[in-house]
1. Which FRET efficiency, nearest 0.05, do Leu239 and Thr120 yield, Cβ-Cβ r, R0 30 Å?
2. In terms of the ratio Rg/(2.2 N^0.38 Å) built on C-alpha atoms, what value belongs to the chain?
3. Could you check what % of the DSSP bridge pairs in the chain are antiparallel, to the nearest 5?
4. Quick check on segment 233-306: of the DSSP beta bridges with both residues there, what percent are antiparallel, nearest 5%?
5. Quote the FRET efficiency, to the nearest 0.05, computed for Trp289 versus Gln251 with a Förster distance R0 of 22 Å and r equal to the Cβ-Cβ distance.
6. Connecting C-alpha atoms closer than 10 Å in a GNM of the chain, tell me which of Ala212, Ala99, Ala248 has the biggest fluctuation.
7. By how many nm would the segment from Ser101 to Thr155 lengthen if fully extended, with 0.36 nm per residue of separation less the alpha-carbon distance?
8. Which of Asn133, Thr104, Pro64 sits closest to the plus end of the dipole of segment 29-156, meaning its Cα is farthest towards the positive end, when Lys and Arg get +1 and Asp and Glu get -1 on the C-beta?
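Here, each number is a calculation from the coordinates, and none is a lab measurement. As the structure is a prediction and not an experimental result, all values here were calculated from the model. Neighbour counts run over all protein chains shown; Cβ positions are idealised from the backbone, glycine included.
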Amino acid sequence: MIPSKKVYFLLIAGIFISPILSMILGIDQTIIIICLFDITVFIFMVIDIWRIKANRVEITRELPLRLSIGRDNSVILKVQAGKVDTVIQVRDYYPQEFAVSENTITANIYANQNQALIYTVYPNQRGEFSWGNIQVRQLGMWGLGWYDWQIPQNTQVKVYPDLIGLRSLSIRLTLQSSGSIRKIRQMGIGTEFAELRNYRSGDDLRFINWKATARRAYGNTGLLVRVLEPEQEQTLLILLDRGRLMTAQVQGLQRFDWGLNTTLSLALAGLHRGDRVGVGVFDRQIHTWIPPERGQHQLNRLIDKLTPI
């Protein structure tokens with residue numbers, strides 16, 4: 001049982017009133033009245049807190065299956081209210097290694113309604129972590145005291161590379177390939193011929209196709225240039241350094257984590273184009289070798305193999 005600010009205010013008010021009462025009723029009667037007043041406040045506080053037990057809120061936690069390193073990951077606390085309006089304070093025992101948007105959440109909960117309380121955690125290292133219980137304080141109907149208890153919610157969570165960034169990149173690549181985002185071909189990027197188009201100011205003169213220009217109808221003086229694009233369905237090998245210098249911190253994350261996030265992004269882009277993608281992790285020698293393959297299963301394999309390193 002935890003007294004509220006209202007209880008302290010009433011007790012302090014009794015202290016300030018006691019000199020006036022002592023002048024009117026005398027010291028002995030004032031002491032008796034003040035003691036009875038304090039006891040009454042205490043009894044009402046106990047009753048107020050006791051009534052909370054029949055109307056306690058129920059809270060469950062929802063976490064992503066995989067947390068992303070270096071990102072704000074949303075955590076949802078679902079609150080089921082009782083039969084009365086109330087105020088709650090919630091503290092979730094997240095792993096101490098994480099940064100958090102709110103240590104304690106205070107919310108007004110309305111009777112017989114469901115409400116979602118959302119906060120974010122920011123992991124800065126990969127691995128497996130323990131998530132503890134949920135500490136709850138609920139204010140009584142009269143506002144005289146808090147009922148404090150814990151909801152068992154122990155669980156283990158795993159922090160992976162930047163999966164949120166990979167998901168965003170995957171959506172963008174899908175939109176590009178479907179034509180929802182206009183695809184811009186850049187001359188000189190790659191060696192595979194894509195098309196011929198009219199010369200524009202600023203184009204590299206080396207890509208002018210003189211033969212195609214000469215075959216144009218008489219009177220059409222426009223020049224034609226070759227547009228090249230990267231080859232598809234190639235073999236892409238990515239080498240990731242895990243040497244001592246890669247443990248240095250850059251903007252809150254190790255260099256290796258930045259390299260790992262980049263490796264997976266590059267692998268996703270290659271797999272999306274139909275490339276065979278393989279990854280080698282090395283220091284003084286090859287530490288991990290994942291042979292090149294195509295398909296979505298290869299990305300999942302890369303994530304599972306590279307995350308524990």
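1. About 0.35, to the nearest 0.05.
2. Scaled against compact globular proteins, the figure is 1.71.
3. Numbers: 52 of 61 bridges.
DSSP beta bridges in the chain are roughly 85 percent antiparallel.
4. Details: 7 of 14 bridges.
So the antiparallel bridges in segment 233-306 amount to around 50 percent.
5. Approximately 0.15, to the nearest 0.05.
6. In the Gaussian network model the winner is Ala212.
7. Working: separation 54, 0.36 × 54 = 19.44 nm, distance 2.03 nm.
Going from the current span to full extension adds 17.4 nm.
8. The listed residue farthest towards the positive side: Pro64.
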